[in-house]
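The values are calculated or read from the model by the stated rules, or taken from the named source; none is laboratory data. Note that the coordinates shown come from a computational prediction; the quantities given were computed from them, not determined experimentally. No Cβ is skipped: glycine too gets one built from the backbone with ideal geometry, and neighbour counts run over all protein chains shown. Please note that ligands, DNA and RNA were not included when accessible areas were found on the heavy atoms of the full protein model with its side chains. Shrake-Rupley method; radii C 1.70, N 1.55, O 1.52, S 1.80 Å.
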Amino acid sequence: MAGHCDHQSAQEHVTGVGVRRWGQSRPHLKVKNGTKEKQTVNKLQDIGEDMISNLTVFFCIVWALTLLYGEKFAFWVPPYWSCSWPSPAPIDNPGDYVKIAVVTDPQLMDRTSLNLAPKSLTLEIVQFYTDIFMRRAILGSITPFKPDMILFLGDYFDGGPVLSDEEWQESLNRFRHIFDLKTLEKATNNKVYFLSGNHDIGYAAYHSRMPQVISRYETVFGSRNYHFTAGEVEFVAVDAQTLDGHPKQNQTSASWKFVNNVSRDSVSPPRVLLTHIPLFRQDWTSCGSQRSSPIINQRISRSTNHEIVYQNYLTEETTNKLLDSIKPVLVLSGHDHDQCSVTHVAKHGPVSEQTLGTISWQQGNLYPSFMLLTANKVTVSNTSNAVSTHLCFLPTQLFIYIWYILLFVVTILVVLLWPTNGLNIHLHISEFMSDMLGMFKSTKEKDEDENCEYEMVWDAEGSMHLIKKASKIAPTSSNERAERGNVTMRAVGKKQILQEINVTMPQDVSGQVGPDAASKLGPIKTKSSNVRVVVQRLVRVFRVISVVAAVNVPIYIMLLFSDWIDK
């Protein structure tokens, strides 16, 4: 019945922490005999700890899989999924062609690369992560194809012409280690071929002033102008850095003498021209869909005595002379650091040129690459079918490192913002139902409160009870009279007493202050509670990150050095 004050239902036990308001949901009530509530809190805390433990395990697994892919499995993609030996038409039998892997422009970083101090920690780190990528490329992506030959198209060092003999020897040792030359020579019966590049011996302007640069190169890598046969195909390697020099310069005349001797062969097999510097092409000539960087047009720089200091293409005159003398069916070049496919028009017909991208991820190309080339062992009527090529791409190392950074940020944010009690759906449903039930009761109890007054009673144990009684005397004063026995609390003082009691409302299980209590607490108490929650979550993040790091850092170190150490 409306207006009726139920003494039994209105009585609440108070233990110094407050009384719930009428219509307030019961999950925020803390009673004297709060065993059930304590069990609920403990259970929720256990659920929260389990959720964080599961989250830690989850991120440990995610990071382990990420590192295994980024540091190992990504380099297995070319030999097992994305790349294969091209089969020269009409030959289908792998035993009928020679398999050649082509690599260019590793350009091992040194003190000339980034203007860093020699032996500095920054330079050492940059060198290591650049070198380990190329070592993984040769060990994980190229050698599994089991090539019969390996062909390098030049630029093994970055500052080759200006390095001292000691520095040059250190770079050479790195080069041998990165590409595991001893293993390659054993696997291919010493069929590893090298082509000189401008970063190895410089351009024509260097040769007259620094002849020792060429001599130390030839001591290790052999002749700069030579030819060899693979199957029924002849490969002609030319030192392109000397071709556009002064005709009377010794190195230039020697290179052209070699070209003229090759051209005198009246009957020759199909030829492939090998030149580090690409042949001439008109400005803005399209390089095809496999190029990722803008087109680089012709640039030539000369010294005061008109010797070449830099060029990115051979001159048009030199290009035409090479094509007419050697009559290649294919031209392979490097130097540009990016892929480029062009077709030249020569007297003997169209000639395709394939410029390979660098194998290094630190030389301006996001998509490092190498080439698989097959040369026929049998004679074919159409010489253009004597050679087939397939360009293969290596992992995009920069994207892998970006993914590591993003995953690290996601790990921190998820652990920091993850609910304390996890995503326990049934608890949220129970709380929602309690709130709905409280809404229906609040209207009736509000009307009853208007005609009731409260009496505060202490029992023998010292606990206080509020008893709701029908109002008999209209309130006339805001003052109240208290004594050890019964206390009559006027209606005017009722709201004030309830406010004072409610300011001690407990925190909920998530560590947040209840809605009523938060509105009553002073700014100092609210700030203290928020700081505590933030600190707790930061400690949780530190704990999870520490565990994830303890599991995955050893995995990362193991992957790094297992690839770096000689087999």
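For region 340-348, the criterion of being without any contact (Cβ under 8 Å) to a residue 60 or more places away in the chain, assigned to a loop (DSSP other than H, G, I, E, B) and open to solvent by 10 Å² or more (accessible area, probe 1.4 Å) is met by at least one residue.
Just to be sure before I move on: is Ile326 in contact with a helix residue (DSSP H, G or I) (Cβ under 7 Å, 6 or more places away or on another chain), buried (at least 21 other Cβ atoms within 10 Å of the Cβ) and either farther than 24 Å from Thr242 by Cα or among the polar types (S, T, N, Q) (or both) in the structure I sent? Break it down into steps so the answer makes sense when it comes.
Details: in contact with a helix residue (DSSP H, G or I) (Cβ under 7 Å, 6 or more places away or on another chain): yes; buried (at least 21 other Cβ atoms within 10 Å of the Cβ): yes; either farther than 24 Å from Thr242 by Cα or among the polar types (S, T, N, Q) (or both): no.
Criteria not met by Ile326.
Filtering region 150-188 to residues that are touching a residue at least 60 places away in the same chain (Cβ under 8 Å), open to solvent by less than 10 Å² (accessible area, probe 1.4 Å) and more than 25 Å from His207 (Cβ to Cβ) leaves Ile178, Phe179. Hydrophobic (A, V, I, L, M, F, W, C) and open to solvent by 50 Å² or more (accessible area, probe 1.4 Å), is that true of Val213? So Val213 does not fit the description; no.
The single residue among Asn382, Asn376 that is over 30 Å from Ile545 (Cα atoms), of a type outside the set (Val, Ile, Thr) and surrounded by fewer than 18 Cβ atoms within 10 Å (Cβ to Cβ) turns out to be Asn382. Residue count for region 72-111 under the criterion of being open to solvent by less than 50 Å² (accessible area, probe 1.4 Å) and in contact with a helix residue (DSSP H, G or I) (Cβ under 9 Å, 6 or more places away or on another chain): the result is 19.
For region 349-373, the tally of residues that are in contact with a Phe, Trp or Tyr (Cβ under 7 Å, 6 or more places away or on another chain) and open to solvent by 10 Å² or more (accessible area, probe 1.4 Å) stands at 2.
I'd like the residue in region 282-325 that is hydrophobic (A, V, I, L, M, F, W, C) and either within 34 Å of the chain's Cα centre (by Cα) or part of a loop (DSSP other than H, G, I, E, B) (or both) and, out of all such residues, is nearest to Ala346 (Cα to Cα).
Applying the first criterion (hydrophobic (A, V, I, L, M, F, W, C)) to region 282-325 yields 284, 287, 295-296, 300, 308-309, 314, 322-323.
Within this subset, residues satisfying the condition of being either within 34 Å of the chain's Cα centre (by Cα) or part of a loop (DSSP other than H, G, I, E, B) (or both) are 284, 287, 295-296, 314.
Values: Trp284: 20, Cys287: 19, Ile295: 23, Ile296: 23, Leu314: 15 Å.
Among residues in region 282-325 that are hydrophobic (A, V, I, L, M, F, W, C) and either within 34 Å of the chain's Cα centre (by Cα) or part of a loop (DSSP other than H, G, I, E, B) (or both), the one nearest to Ala346 (Cα to Cα) is Leu314.
The residues in region 294-313 that are surrounded by 12 or more Cβ atoms within 10 Å (Cβ to Cβ) and in contact with a His (Cβ under 8 Å, 6 or more places away or on another chain) can be counted, and the count is 2.
Close Cβ contacts (under 7 Å, 6 or more residues apart or on different chains) running from residues in region 105-116 that are under 16 Å from Asn173 (Cβ atoms) to residues that are among the aliphatic types (A, V, I, L, M) comprise Pro106/Met134; Pro106/Ile359; Met109/Val126; Asp110/Leu163; Arg111/Leu123.
Of the helices (runs of 4 or more DSSP H) lying entirely inside region 151-217, those containing at least 1 residues that are over 19 Å from Gln311 (Cα atoms) and not polar (S, T, N, Q) are 165-178, 181-187.
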